[in-house]
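A short worksheet on the structure shown next.
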Amino acid sequence: MQVQWFPGHMTKASREIKENIKKVDIVIEILDARVPYSSRNPLLKKITSQKKRIILLNKEDLADPAATRMWLDYFQREEGTLPLAVSAQNRKSLSRITPAAKQLCAGSRWLERRPVRAMILGIPNVGKSTLINALAGKRKAGVANTPGFTREMQRFDAGPGLQIFDTPGMLWPKFEDMHSGFNLAALGSIKDTILPIERIALFTVPYVTAMYDGELRGRYKWETVPEDPVRFIDELGRKRGCLVSGGEVDREKACFLFLKELREGKIGRISLERPGEERKVRGDGEIISGDGQ
């Protein structure tokens, strides 16, 4: 199964990025700190490969700190890359971006005469517009919690020493790696109508139960977290009153509730992947281990 989601404006965005990449000094690539691998668009990386880059692991306040440290170490090994964990809600973390941009351009003769010009890239819903607004100190970029909201390339001054070229959030044409597709769906980076909500939740539950047992017990007041994904959703639905006539669990409603609380950080600081992990999904959406067993 492949997930395809590539509106026409994203084709235009790809063309504009190619046309404007020579005008900037560096690239600022924004990833979701909870799913850095899944939220990294290989198409964007390919068409901007000639530029040094800052990788911003955004929404780090929602991500597992231990997993974020692993990802920072992982990206540090990538040549020409400087990774930072940030949150658009934390101005202190954002204050490191301009010095990092200057560090990447160290030795350039123009550095004392003009600001660093950076193209800021990322898939929809990684918090790019919110981050730009925080950097600029005033409401510059439109903000909406809707994938694909920013449509046109714009240029902003992001304080002394840094000028940024904004681009629309852009996904790649199709997800052949269903692991990434499901992870992005779980966090709302692609529309909930692309995949059935129950499949998204049932994919996500096993990883969360394996890695965050304590957080789940605390949030849902369970003595033991159900291991079976369907039972997990059913028990969650009963606890939260997601019922239909006859007392049956409304699984779709329970799945929406679980994913909403995951996305908003109400369960805890949760990351859905770590470097080196491999999860595969069969065509029916069932998870199998990295060795195919």
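Looking across the stretch 89-124, just one residue is touching a Cys at 6+ places or on another chain (Cβ under 9 Å) and under 23 Å from Leu44 (Cβ atoms), and that is Val116.
Select from the stretch 53-93 the residues that are over 21 Å from Val116 (Cβ atoms) and not in a loop (DSSP other than H, G, I, E, B) and list them in ascending order. Explain how you work it out, then say what you get.
First pass over the stretch 53-93, keeping only residues over 21 Å from Val116 (Cβ atoms): 59-74, 77, 87, 89-90.
Pro65, Ala66, Ala67, Thr68, Arg69, Met70, Trp71, Leu72, Asp73, Tyr74 - these are the residues of the stretch 53-93 that are over 21 Å from Val116 (Cβ atoms) and not in a loop (DSSP other than H, G, I, E, B).
For the stretch 21-31, the criterion of a residue being over 21 Å from Gln103 (Cα atoms) and outside the structural domain of Glu277 (by TED's automatic domain parsing) is satisfied by no position. Each residue in the stretch 27-48 was checked for being buried (at least 24 other Cβ atoms within 10 Å of the Cβ) and farther than 19 Å from Val126 by Cα, and 0 of them qualify. With respect to (1) assigned to a helix (DSSP H, G or I); (2) under 19 Å from the mean Cα position of the chain (by Cα), the lone exception for Ala100 is condition (2).
Consider the stretch 77-97 and keep the residues that are of a type in the set (S, T, N, Q) and closer than 20 Å to Thr130 by Cα. The one that is nearest to the chain's Cα centre (by Cα) is Ser87.
Among what's in the stretch 169-192 and is more than 26 Å from Ile17 (Cβ to Cβ) and at pLDDT 90 or above, pick the residue that is surrounded by the fewest Cβ atoms within 10 Å (Cβ to Cβ). Top of the filtered list is Ala186. Counting only residues that are among the β-branched types (Val, Ile, Thr) and either within 13 Å of the chain's Cα centre (by Cα) or modelled with pLDDT under 95 (or both), how many does the stretch 49-76 have? Qualifying residue count, the stretch 49-76: 2.
The set of residues from the stretch 105-130 being over 13 Å from Gln163 (Cβ atoms), of a type outside the set (S, T, N, Q) and buried (at least 22 other Cβ atoms within 10 Å of the Cβ) comprises Leu121, Gly122, Ile123, Pro124, Val126, Gly127, Lys128.
Take the conditions outside the structural domain of Asp32 (by TED's automatic domain parsing), at pLDDT 95 or above and surrounded by fewer than 17 Cβ atoms within 10 Å (Cβ to Cβ) and apply them to Pro226. Does it pass? No.
From the list Leu236, Leu216, Leu195, Leu259, pick out the single residue that is surrounded by 14 or more Cβ atoms within 10 Å (Cβ to Cβ), touching a residue at least 60 places away in the same chain (Cβ under 8 Å) and in a helix (DSSP H, G or I).
Values: Leu236 fails: touching a residue at least 60 places away in the same chain (Cβ under 8 Å); Leu216 fails: touching a residue at least 60 places away in the same chain (Cβ under 8 Å); Leu195 fails: in a helix (DSSP H, G or I).
Unique residue meeting the criteria: Leu259.
The values are calculated or read from the model by the stated rules, or taken from the named source; none is laboratory data. As the structure is a computational prediction, the values presented were derived from the model and not from experiment. Every residue, glycine as well, gets a Cβ built from its backbone with ideal geometry; the counts of neighbours run over all protein chains shown.
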